[in-house]
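Taking it in order: structure first as structure tokens, then the write-up.
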Amino acid sequence: MNLCEILGIKYPIIQGGMAWIATAELAAAVSEAGGLGIIGAGNAPPEVVRDQIKKAQKLTNKPFGVNVYYMSPFVEDIINVVIEEKVAVITTGAGNPGKHIAKLKEADIKVFPVVSSVALAKRLARNGVDGLIAEGMECGGHVGELTTMALVPQIVDAVDIPVIAAGGVYDGRGLIAALSLGAIGVQMGTRFVCATECTVHEKYKEAILKAKDRDTVLTGYNGHHVRVIKNKLTRAFDELVSRNASPEEFEKLGAGKLRIAAVEGDIAMGSIMAGQIAAMVTKVQPAQQIIDEIISEGKQTLLDLQKFF
Ligand code: TUI
């Protein structure tokens, strides 16, 4: 089955479930445009997530999903909310949804965990998930170590369930590249941050619009790396690295910084999570236009490829 048949959508494009950024408005707009919109639950309490789901249900009759962040203190409650509200699909991040799969299946909810390694992909496939989102380190936020180009085909070869590619996908060329690697669709976050319907602070969108190719950096320690746009905060992280600061100091500096960027628009000391394709995003445009452009470019890319054979 292709991704559109699995999810009941028109185009094989899933919007990333970005905490503090992917609200009901964005998710509904992406679903209305023919993709799969996702509400990012992040660390939000269950009642906030329930309200967001209800809001999206009012804005669209099409399927949409919720991203469940497994480091959240509310994971159990969020799982109950998505079941009670009959959400079509969940994507998951930062943890193993294994113990919830039976319960979610019973409620007819599809589960697509985000993974950044082959070992984890194999483990989750054994747990009976519906598909995997293979996320390369070009993406924004918490990243693994492999690039999309290297990760996607390795995961495709290692499991026998559908794989969706994420990280570094901006347009129709990226979509076709992902499909060529064996993925059945793409997940895109950064491009949708600059959708008209995205409620993130204007200054966050401006930072993405201004970004050039080398303006995102990895900050963090011990393999916990977060891709963000360079600013005063990333320079403060550099300083921690240079004096070999403790993990606690890194945690302290990073705490709450995504919210202050996304909600308050503090783009100096906030964490402006964005992928490497930020440099390609040059305008704010409706989700419908973004998706239509990607699909028509994808079709053209396929035609252009004929000349090589
Ligand atoms: O989750 C992400 N990316 C993120 S999370 C985030 S920050 C945030 N801040 C406040 C609230 C909520 C979120 C920014 N970016 N990507 C998905 C992803 N998950 N990539 C890799 C994984 C992953 C890692 C470990 C999945 C499972 C896993 O399991 C460990 C185990 O063995 O159980």
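In a Gaussian network model over the chain where Cα atoms closer than 10 Å are linked, find which of Arg259, Arg191, Arg214 has the largest mean-square fluctuation.
Of Arg259, Arg191, Arg214, the most mobile in the Gaussian network model is Arg214.
Sequence neighbours fewer than 8 away in the same chain don't count; with that in mind, list the lysines whose C-alpha is under 17 Å from Lys257.
Cross-link targets: Lys203, Lys205, Lys230, Lys232.
Could you give me the ³J(HN,Hα) list for the stretch 19-35, computed from phi with Karplus coefficients 6.51, -1.76, 1.60 and θ = phi - 60°, whole Hz, x at Gly and Pro?
4, 6, 10, 8, 8, 4, 4, 5, 4, 5, 5, 5, 5, 4, 7, x, x
Taking only C-alpha pairs under 8 Å that are 6+ residues apart, what is the relative contact order of the stretch 1-136 in percent?
17 percent
Once you place label points 7 Å from the Cα toward the Cβ at Lys105 and Thr147, how far apart are they in nm?
Inter-label distance under the simple model: 3.7 nm.
How many angstrom lie between the Cα centre of the stretch 262-309 and the Cα centre of the stretch 117-140?
Result: 23 Å between the Cα centres.
Full-extension gain between Ala236 and Ala94, please, as 0.36 nm times their residue separation minus the C-alpha to C-alpha distance.
Going from the current span to full extension adds 48.6 nm.
Treating the stretch 1-77 as a set of equal point scatterers at the Cα positions, no solvent, please give the Debye-formula log₁₀ I(q)/I(0) at q = 0.28 Å⁻¹.
-1.21
Here are some pairs, Lys105/Lys252; Lys86/Lys283; Lys54/Lys103; which of them have Cα atoms lying more than 29 Å apart in this structure?
Table pairs above 29 Å Cα-Cα are Lys105/Lys252; Lys86/Lys283.
Could you list Thr282, Thr196 in order of exposure, starting from the residue whose Cβ has the fewest other Cβ atoms within 10 Å?
Ascending number of Cβ neighbours within 10 Å: Thr282, Thr196.
For Cα pairs less than 8 Å apart in space and 6+ apart in sequence, what is the mean separation divided by the residue count of the stretch 124-253, i.e. the relative contact order in percent?
20 percent
For the stretch 208-228 and the stretch 17-49, what is the separation of their Cα centres, given in Å?
Here the answer is 23 Å between Cα centres.
Please report the base-10 log of the normalised intensity I(q)/I(0) for the chain, using a Debye sum with one equal scatterer per alpha carbon and no solvent, at each q in 0.07, 0.10 (1/Å).
Values, matching the q order: -0.24, -0.51.
Bear in mind these aren't lab numbers, they're just calculated from the coordinates by the rules spelled out. No experiment lies behind these values; they were computed from the predicted model shown. Here Cβ is always computed from backbone atoms with ideal geometry, including for glycine, and neighbour counts include all displayed protein chains.
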